[in-house]
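For reference, the structure discussed in these notes is given below.
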Amino acid sequence: MRDIIAELEERRRVARMGGGEERIAAQHAKGKLTARERINLLLDPDSFEEIDMFVEHNCHEFGMEEQKIPGDGVVTGWGTVNGRPIYVFAKDFTVFGGSLSRAHANKINKVQDMALRNRMPIVGILDSGGARIQEGVDALGGYADVFQRNTLASGVIPQISVIMGPCAGGDVYSPALTDFIFMVRGTSYMFVTGPDVVKTVTNEEVSAEELGGAKIHTSKSSVADGAYDNDIELLSDLRRFIDFLPLCNKVGSPERPAYDAHDRVEESLDTLIPDNPNMPYDMLELVEKVVDENDFFEIQKDFAKNIIVGFGRIEGRTTGFVANQPLTLAGVLDSDASRKAARFVRFCDCFDIPIVSFVDVPGFLPGTAQEYGGLIKHGAKLLFAYAEATTPKVTIITRKAYGGAYDVMASKHLRGDVNYAWPTAEIAVMGAKGAVEIIFRSAIGDEEALAKHTQDYEEKFLNPFVAAERGYIDEVIQPHNTRRRISRALALLRNKNMENPWKKHGNIPL
Ligand code: HXC
């Protein structure tokens, strides 16, 4: 008996060494941790239960039968993050470069199936050379099996991808199907085809970093949601992020004890809006002053900065925030901002996370660049996302809500549950100058007449009261009471029960 127990320990020790000391040292020399080190940092101490540690590949080509390493390049199992369970898989780059074989795919599929069946989030940590070249179509099929499960689990359990090394071919499409992607600067890359193939096909010379590094994907392509300086920083912030997420789509927004008074008054908000309506201010200040303990987790903060999206808590309960940011492009809605916010709104709605929208938007961005780029379709994504969302929606207009953007930003007409405006709100088809030049075209050149018409227009329309008279705004509120108003509104909406008509699925303008 003792011998067998000793043999088990020896087998475990060998499996835990992955590709061996030399390759582990090479991994560390690149500034990267190993798969098991990463899992240990992500999960609570001693909570990891590894499964399939002894799985080996079954390939007999190119001498592979001589090279078998237990685990076959991916570490899988489950554990807890601050006491809440998650499933996890982490590619082990020290074993065949973390490449995906049939057996490797089976291991990932197993934890994907278990996560879905048990309704728990899943985190994938990727660091891999892609399809195991020696396995051919078995590897391709293995990827498709991962993709199929990603798609079925979408909207049922949160899925998060962490990119901590090279990721090419099959390894980029699984992350793209998940809810959130986080990357490490300098050591992680994502591309469908790498720099060598790019050079052959298009003759472009580009480095891996320029083609698919963290900076590119968080600021240009918007493929990734956040970037960190190293593995440790990323994994510790990921623990904080997971705390905001529900386990699945049936349990509602997660709650934890709150130590911030729901009726905390923020006098400074009464002076947030500058006297000059064309002066910007920082909308992030409002978001941070409203959420519990100023704890806000921003998503995609380096992309489409004219809109802010992210998670905070109100009275301990996770809440999604969408806010136009006047500091960038005056907070206008363009294609990028619309896509970014639409995806976030849909994530919140999948998991019944309430959405609070702060509105200060001068409209959609005009111009050929936007129109040729499909602004109509991209803007419609946000419109569709808000319109179909049945999760509680609370909207606060702080200043401008002009034109179609007024409609889009969770207006009453799109089933906003509670719609408030600050006294500084301006709800109109457009700003005064543009409006007067259209409806009083004959007065152009007559500065005095134009000034008079502008003043009339401003007095009549650039306020919240016309909308409030019609019930499109439920109440005009004092800025300093914004947190209290939102907390009370969300408390009121706790049992909201709304269903859309039955359908197989909608057809969001993709
Ligand atoms: C088998 C692989 C491998 C692969 C790497 N290795 N990629 N083994 N299949 N795809 C092995 C290497 O042989 C090496 O083994 C070890 O992993 C480390 O690789 P190195 O090249 O030494 O490391 P590094 O210099 O850091 O380069 C990493 C890399 C490079 C950039 C990922 O290995 C690479 O370009 N690999 C191939 C990438 C690729 O084209 N994959 C196919 C994508 S197509 P030893 O024994 O020496 O340690 C795809 C199709 C799916 O995925 C499509 C589905 C939609």
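The values are calculated or read from the model by the stated rules, or taken from the named source; none is laboratory data. Keep in mind that what you see is a predicted model, and the values were worked out from it rather than measured. Cβ atoms come from the backbone with ideal geometry, glycine included; neighbour counts cover every protein chain shown. Remember, those area values only see protein heavy atoms, side chains included, never the ligands or the DNA or RNA. Shrake-Rupley method; radii C 1.70, N 1.55, O 1.52, S 1.80 Å.
Side notes on the structure shown:
- For the range 66-171, the per residue solvent-accessible surface stands at 30 Å², with DNA, RNA and ligands left out and a 1.4 Å probe.
- Which listed pairs, of Lys107/Lys503; Lys32/Lys220; Lys301/Lys393, have C-alpha distances above 31 Å, in listed order: Lys107/Lys503
- Loop-located chymotrypsin sites (Phe, Trp or Tyr not before Pro) across the range 434-508 with a Cβ neighbour count of 16 or fewer within 10 Å are Trp502, with loop assigned by DSSP.
- Rounded to 5, percent antiparallel among DSSP beta bridges of the range 1-153: 70 percent
- Contact order normalised by residue count of the range 339-461, Cα under 8 Å, 6+ apart, percent: 25 percent
- Magnitude of the charge dipole, the range 39-106, Cβ model with Lys/Arg +1 and Asp/Glu -1, debye to 20: 260 debye
- Whole-angstrom gap from the range 213-248 to the range 364-415, using each part's C-alpha centre: 26 Å
- Along the chain, longest interval not containing exposed trypsin sites (Lys or Arg not before Pro), exposed being DSSP loop plus at most 15 other Cβ atoms within 10 Å: 69-219
- For the range 356-436, the dipole from Cβ point charges (+1 on Lys and Arg, -1 on Asp and Glu) about the Cα centre works out to 20 debye, to the nearest 20.
- Antiparallel DSSP beta bridges within the chain, as percent of all bridges there, nearest 5: 40 percent
- Sites matching GluC sites (Glu not before Pro) across the range 11-94 that sit in DSSP coil, with at most 12 neighbouring C-beta atoms within 10 Å: Glu61
- Prolate/oblate/rounded label for the range 449-507 (Cα gyration tensor, a/c 1.5): oblate
- Fraction in percent of alpha-carbon pairs per bin - 5 Å, the range 217-322: 2, 11, 17, 19, 20, 16, 10, 5, 1, 0
- Counting protein heavy atoms only, the range 238-332 has 49 percent of its accessible area on carbon and sulfur, 1.4 angstrom probe.
- In the range 277-397, the DSSP beta bridges split such that about 50 percent are antiparallel, to the nearest 5.
- In the context of the full set of protein chains, the range 249-305 has a per residue accessible area of 56 Å² (1.4 Å probe).
- Mean Cα-pair separation over length for the range 322-385, i.e. relative contact order, pairs under 8 Å, 6 or more apart, %: 52 percent
- Where GluC sites (Glu not before Pro) fall in DSSP loop in the range 172-209, at most 12 other Cβ within 10 Å: Glu204, Glu205
- Summed over the residues of the range 452-510 and divided among them, the accessible surface reaches 70 Å² per residue at a probe radius of 1.4 Å.
- Note that the chain carries a Kirkwood radius of 24.9 Å, evaluated over its alpha carbons pair by pair.
- Among the listed pairs Lys199/Lys340; Lys250/Lys305; Lys68/Lys91, those with a Cα-Cα distance over 22 Å are Lys199/Lys340; Lys250/Lys305.
- Rounded percent of accessible protein surface that carbon and sulfur make up, the range 113-208, 1.4 Å probe: 58 percent
- Solvent exposure ordering (accessible area, 1.4 Å, most first) of Met279, Met430: Met279, Met430
- Against the main long axis of the alpha-carbon atoms of the chain, helix 102-117 sits at an angle near 50°.
- If the convex hull is drawn through the Cα atoms of the range 349-421, its volume per residue in Å³: 80 Å³
- Percentage relative contact order, the chain, counting C-alpha pairs under 8 Å, at least six apart: 9 percent
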